Structures are given as C-alpha cells and as structure tokens.
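Read-outs throughout are calculated quantities, based only on the coordinates presented, and are distinct from any laboratory measurement. The model shown is predicted, which means the values in this text are computed figures rather than measured ones. Neighbour counts are summed over all protein chains in view; Cβ atoms, including those assigned to glycine, are modelled from backbone coordinates with ideal geometry.
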Amino acid sequence: MLQLTRAGKRFGHKLLFEKIDWQITPGERTGLVGGNGTGKSTLLRILAGLDSLDDGSMESTGGMTFGYLPQDGLQLHGRSVFDECLSAFAKTQALEHKIQRLHSQLAELPPHSGEYAAVIEQLTRSDAEFHAQDGYTIEARVGTVLSGLGFSKEDWQRKTEEFSGGWQMRIALAKLLLEKPDLLLLDEPTNHLDLEARNWLEGYLHAYPHAYILVSHDRFFLDIATDKIVELWNHRLYSYTGNYEKYLQQKAERQVQLEAAYRHQREHIEHLESFITRFRAQATKARQVQSRVKELERIERIELPPAETEIHFTFPQPPASGRTVVEALQISKSYGEKQVFSGVQFTIERGERIALVGPNGAGKSTLIRLLAALDAPTTGQIRLGHNVALQYFAQDQYKELNADARMLDDLGRSAPRIPQTELRNLLGCFLFSGEDVFKPLGVLSGGERNRYALARLLVSPANFLLLDEPTNHLDMRAKEVLLEAIRSFTGTVVFVSHDRAFIDALATRVFEIRDGAVRVYTGNYEDYLWQISRQAEAAAANSSAQDLKQSNGNSSSLSPAGLPANERQPENEPIKRVSRINPIRLRQMQDRCNVLEEEIPRMESAIQTTEEQLGVYVSAEHYQAQQRQLDEMRADHAAMLTEWEELIVQLEEQAAISSPNA
C-alpha cells in the first residue's frame, strides 16, 4: 500500500533518521514511538505528503487516500459543527442531489419516451451507488461520532469558531474518522480527549476498516489500539509485532541478543587481529594472514546504540499529617444559575490517592480548586485535618513562575539540599538538557513551563498534593518518573488525569463527578469500570422487569378491534392520502425488506451468543468491551426492526393502491 525505501531526513545539521525501510500494508494498526525530537511527527507529515524526504523514496498505491491529524494548530470556521462533519461526505451528498434532480426530470418526461428510459438508467446506477455508500445513514453516523467525542446535541449547531483549540481538534478528528481514509495518521489524538471520549475512540479504532498509524504517549491507549509498534531510535526504524507491552518485552530481548552478538563478534575480531599480529612477519604464514585480513575487512561491525539512561527520583518525604486529611460536608457549588454539584460529602484519609474522573465540564477542576481553597463552596464546608499542608498544581501552573529566573537556579532555590547533579538528571527526564537548564523561564513555551513547574513541585512537596492534569505535555519516560515518585510518596494525593494507565497504576479510590453528584468507588480505574458495568446490568434488569409488568397491566385495555383505546382512529379524522412510489424505488424497498428479513434472525442469534459469553467473566475490561458490543447489536436490531416495519407498511399501502379494488 505504501513503502519507504532508504528514507532519510535532516533539520539543518541535525539528523532525524536515515536508511529507513518501511512497508505499510492494508489494515495495519501501528503505534509509532520514540523519544521527543526523534522525528515521529516529521515522519507522519512525510507519510501524509506534507513534507519531503532528503534521501530515499516513498511510493504508494494509486488512488490511495490519506487523513492526517496534527497535534494542534487547526482552526475551523464558517460552518456549524454538524455541517463541518457532514462535509466529510461531500461526494455522497453530491450524489444525493443528482438523484433528486433525476427524480425531477422523470416527473416532466413522457413515461414511454427514450429520454425517460435513459434517465431511469442513470437513476438506477446513481441510486445503487448511493446505497453502496450507505448514504441514508450519514447524518446518523455524524451524530454517533460527535456524541462519542463528547459533543452534546446543543453543540452540533454551534459555529466551529466558538470552540477552543482543544475542541476544534476534536471536530477535526471527528471529520477524519467519518471520511475513513485508506491510511489514517494521528499525531497525539488523545491529547484533547477526556477519559470517556478516549474510551470511545479506542472502540471506534478497533472497528476501523483501514490502516492507521498513531503517535501517542498514552501507554494504555497504545496497548488497546495497536497490534504493531514501530520505534524511531538512534536514527533508525525498528519494527515489533504486538502492542506496546509486547514491544517492551521484545525490545529487551532484542537488546540482550544484540549484546550477545556484539560480544561474540568482538571475540572473533580479537582472535583474527591476534593471528594477524602474531604471524604477519612470517613468510610461511603470508597466505593465512592475508586471508584473515580480507575476512576482517568483510565483517560488518555490530554497533551497540547508546544505552537509554534510567532516571529514578523519589520525593523528599514530608512531615505526616493527621489520619483524616480532609472532610467535605454537604458542599455545593454554583456559578450564577449553573449548578456544578450539590450535596457532596466525603472523607479523604492519609496516604490515599484519589482520582477524579468524569466528562469534560462535570466539575473535576472545580472540586480540586475547592479542596485547594482557591474557590469557596456555595454551601457546605471543607475541613482540613491536623497538620495538613497542601500544594496545588494547576493546568496553567506556569503562570505562577518567575519569568526572569533561570531554570536551574530557580529549582535549586526550591530544593537547596538536593545536589545539582540530581536536579539536572530530573530536568533531563522532563526533557530539559544541556544549555536548556540555564534558560530564563520566560522564554519557554506554555507546555515547557508546565513541565518545569511539575518538576519543581517534585523537589519540595507538601503532605497533601492536588494535581490537575499533571501528565499533560509529558512523554512516557517523564510519566514513569512521576508515577514512581507519587507511588513512593507517603503523603496524600488527589489528581485529575486523562491517562488511563496512570490512573490504573496510581489510584486507590475513584471519585466520579457526573450530573451534579460525586460517587465514590474503591480501587483503580479498571475496578471503577467493573463496578459501574455491574450497576448498569442491575438497572437494565430492573427496567426490563418494569416494562414487562407495565405491558401485562395494559393488556386488558384493548378495544374490541384489538387496539388500545388511545390508538383508535378518531371518527372525524381525514383519510390519509397515499402517493404512488416510483417503480425503481419500490423494487429497492422490496429488496431491502428481503435483506432485513434475513439479517434480523442472524442479529438475534448473535445477540443470544454474546449474552451467553457475558456469563463467563474474564476481566473487567473484557466484560466492558463485550457489553458495549452487545448494546450496539441491540440498537442495530431495534433499528432494523423499525425499518422493516416501516417498509412493510409502505409496501402494503402501495399494493393497496395498485390493486383493482383499491
């Protein structure tokens, strides 16, 4: 489908990569990984045709389509959110307009003319093509994707320019997903998504029919969404089969094999060099010496790439607080007429690590600001326990930094007892190395300053940390350092994060903020998902029982004709006039009805099989995936039944008006 041959790219004197060979096949689900600055984003732009190679070549299959989502920077304007996404189906919409024009022409032509027959032929072809493109469902598909990415129905008709940059990136992502190009190129697609939208995207990509390549620093997302990892490292490309977890295992195994091969080769080279040195001066050994010289020249030397340094950092442990760190007593918070939550009550104990989760706008940042005493609750009270000292890290923490201070000097003042070597190692982990550590903080970008602010917090923490999106702008290496530091921290932590792996590895309890309430769940994020799935099961079972009871209760309220009294036709209501449908459209309706009559039993059988599989518990994650699949099948089944019933009614009406006795 697409192939790179001995590809190379430089930026000035800096070599990004060279001699890359990469063949991308249809249906490939690839994660592109590597350290910051290795060229991942540049390589995606090259694949998308937005940048060129300095060396080598790239070839692709004729007619192949590409879709590229950058990390940020897209600006959309001029259309509503829904219309912007509908533009992904421009060809299908044009075909629909053509069909409408052809129908208008038919109405004006004599039925037995040659022109009528020609238009009928065009209409048949166009309608078949429209049906093949699933043109009747494009609006439903747009709604599904927008809802999955977190847009409410009220947002659909808002202008795109009314949304922030992060939400504009969501719109661009929605449009790409709807276009379904042959190769989808996603650079950090989860950067602007909350957990719910991220979980939805995982499911969508799982069913994506074509190839995609994605760059992400979200380990869990890579584990779920990929079955191949390609790593840019040491200016070369290395391919691994499997997801991110398997990549780590294979990379470690490959490194062991490479080191063993390097040692064996060094031993062989030293043996050859020793023989040459020993017998070079002896004429009787000249032929053997020359043979070994040639062998030595032919050896392709194995090079060990520079070892990746591992950084381990632990918090300076703070003085202990009392057992109860904070109590929330019937708190509520409103902004004008908008109520964020009300009647919230909980207690946080020393040493707990609390993850705040919920959809965007539910109030996660609001709650963490209340705990930090930056905002006051509208009603209720928040009490801090004995000897509690809190420290708050905001999403825009960089605004609190002294812009004139040099980075290393500022960090040293925050932690005078930590050696400068250790401070520089920590900064290196957060992607500041070399002369960068002497830069004034004011010249750094917002993302860089936020990274520095987090490193600064690590060297002098309080015993109660409130962290709002601490994993933003961090690569996997920095996340691992942060995770390790927090797990060894003896204080208490409340945090907001959209990184599933980070929450799973860290949280001891989950606070879900939704619909104005805070619900508390024990365990990490996976435990939380399992608990809410069990609650959803119980609610569905209860709803089914109520529906059955109501149905049995209404069975006696039928009219003599067999219809409920409230559905009988009023005596004075005018008779509905049924218009005749075009013969071609009538035949298509009949064909569709036949297809549905075959598909509905198959769907019912598939639903029954999935329901039986749900009875075998494997894991919370597996259960949730099966439950989502079951919900989708039930929705499809209901939609097919509705469509079939409507078609039957229309076909019977057409048969009635075509009958001689009609």
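HN-Hα J couplings of region 80-96 from phi, Karplus 6.51/-1.76/1.60, θ = phi - 60°, integer Hz, Gly and Pro as x?
6, 4, 5, 5, 4, 6, 4, 5, 5, 10, 4, 5, 5, 5, 4, 5, 4
Count the net charge of all other residues whose Cβ sits under 14 Å from the Cβ of P377, scoring Lys and Arg as +1 and Asp and Glu as -1.
Residues close to P377 contribute a combined charge of +1.
Which whole number of Å³ per residue matches the convex hull of the alpha-carbon atoms in region 258-298?
In region 258-298, the Cα hull volume divided by residue count equals 50 Å³.
Below 24 Å, Cα to Cα, which lysines can K399 reach? Residues fewer than 8 away in the same chain don't count.
K364, K439, K479
Among D404, D409, what is the fewest-to-most ranking by other Cβ atoms within 10 Å?
Values: D404 9, D409 13.
Lowest count first: D404, D409.
Run lengths n ≥ 4 of DSSP H only: what is the helix-derived mean residue ellipticity at 222 nm for the chain, with -39500 (n - 2.57) per run over all residues, to the nearest 500? The partial results should precede the final answer.
Numbers: 19 runs with 306 residues, N = 662.
Dividing the helical sum by the residues of the chain leaves -15500 deg cm²/dmol.
Considering the Cα positions of region 415-514, please state its Rg to one decimal place and its Dmax as a whole number of Å.
Reported Rg and Dmax, both Å: 14.2, 46.
Net charge near A261: determine it from the other residues with C-beta under 14 Å of the C-beta of A261, scoring Lys and Arg +1 and Asp and Glu -1. All intermediate terms of the calculation are to be shown ahead of the outcome.
Numbers: positive: R254, R263, R266, R301; negative: E253, E259, E267, E300, E303.
Net of charged neighbours comes to -1.
Taking neighbour Cβ counts within 10 Å as the exposure measure, how do C429, C85 sort from fewest upward?
If I rank by nearby Cβ atoms, fewest first, I get C429, C85.
When the convex hull of the C-alpha atoms of the chain is computed, what volume per residue in Å³ does it have? Let's see the in-between values first.
Details: hull volume 181.1 nm³, N = 662.
Residue-normalised Cα hull volume stands at 274 Å³.
Can you spot the lysines whose alpha carbon is less than 26 Å from K9's alpha carbon? Ignore those fewer than 8 places along the same chain.
K19, K40, K228, K251
If amide H atoms are built 1.01 Å from N in the plane of the peptide, which residues on other chains or at least 5 residues away come under 5 Å of the amide H of R514?
Correct list: R519.
Taking K98 as the anchor, which aspartates and glutamates have their alpha carbon closer than 12 Å to its alpha carbon, excluding any fewer than eight residues away along the same chain?
D127, E129
At q = 0.13, 0.14, 0.22 Å⁻¹, what is the base-10 log of I(q)/I(0) for region 189-288 according to the Debye formula with one equal point scatterer per Cα and no solvent? Please give it to two decimals.
Here the Debye-derived log intensity ratios amount to -0.64, -0.69, -1.14.
Given H placed on each backbone N at 1.01 Å, which residues far from V326 in sequence or on other chains put an amide H within less than 5 Å of it?
Under 5 Å from the amide H of V326: I348, G385.
Relative contact order, percent, of the chain when contacts are C-alpha pairs under 8 Å separated by at least 6 residues?
Value for the chain: 12 percent.
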